[in-house]
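S.K.: Please read through the structure below; I'll follow up with questions.
The values are calculated or read from the model by the stated rules, or taken from the named source; none is laboratory data. What you see is a predicted model, and the numbers here were worked out from it, not measured in a lab. Here the Cβ is made from the backbone with ideal geometry for all residues, glycine too, and neighbour counts use every protein chain on show. Protein only, heavy atoms only, side chains kept; ligands, DNA and RNA dropped before computing areas. Shrake-Rupley method; radii C 1.70, N 1.55, O 1.52, S 1.80 Å.
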Amino acid sequence: QVQLVESGGGLVHPRGSLKLSCAASGIIVSMYDMGWYRQAPGEQRELVATVTVGGTTNYADSVKGRFTITRDNAKNTVYLQMNSLKPEDTAVYYCRAQRRLSRYWGQGTQVTVSS
């Protein structure tokens, strides 16, 4: 059974930082394209950052220069380092794993940026 478990969300002030973790079981993250997505209330889920099997990263324009996605193969975990957070980054953040036709999602972790 595949599980993606996100953690690290919470309440942070504007310009603060958070690091999200996505711990995987049932898959080997190095064999999957991994990504972080987010969904704000009333909005569609959107891509935040992805890292391919080959290590290529991709970021939404709104987070470039502020967020960094990394993968720790030894821990079978993917991270999202978020710096200089803004109120508009408030959303539920989801981890996704994809390989060919297989796609898995985590349950999400809430990030709230507010003073």
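S.K.: Does the stretch 67-111 hold any residues that are part of a strand (DSSP E or B), in contact with a helix residue (DSSP H, G or I) (Cβ under 9 Å, 6 or more places away or on another chain) and under 17 Å from residue 7 (Cβ atoms), and which are they?
M.R.: Of the residues in the stretch 67-111, the ones part of a strand (DSSP E or B) are 67-72, 77-82, 91-99, 102-105, 109-111.
Next, only the ones that are in contact with a helix residue (DSSP H, G or I) (Cβ under 9 Å, 6 or more places away or on another chain) stay: 67, 71-72, 77-78, 82, 97, 99, 111.
Passing the criteria: 67, 71, 72, 77, 78, 82, 97, 111.
S.K.: Please enumerate the residues belonging to the stretch 69-115 that are of a type in the set (Lys, Arg) and under 19 Å from residue 59 (Cβ atoms).
M.R.: 71, 86, 96
S.K.: Run residue 64 past the list (1) within 26 Å of residue 100 (Cα to Cα); (2) basic (Lys, Arg); (3) open to solvent by 40 Å² or more (accessible area, probe 1.4 Å) and report the number of the one that doesn't hold.
M.R.: (1)
S.K.: Sort out which residues of the stretch 4-25 are without any contact (Cβ under 8 Å) to a residue 60 or more places away in the chain and either hydrophobic (A, V, I, L, M, F, W, C) or open to solvent by 40 Å² or more (accessible area, probe 1.4 Å) (or both), and write them in order of number.
M.R.: Answer for the stretch 4-25, where residues must be without any contact (Cβ under 8 Å) to a residue 60 or more places away in the chain and either hydrophobic (A, V, I, L, M, F, W, C) or open to solvent by 40 Å² or more (accessible area, probe 1.4 Å) (or both): 23, 25.
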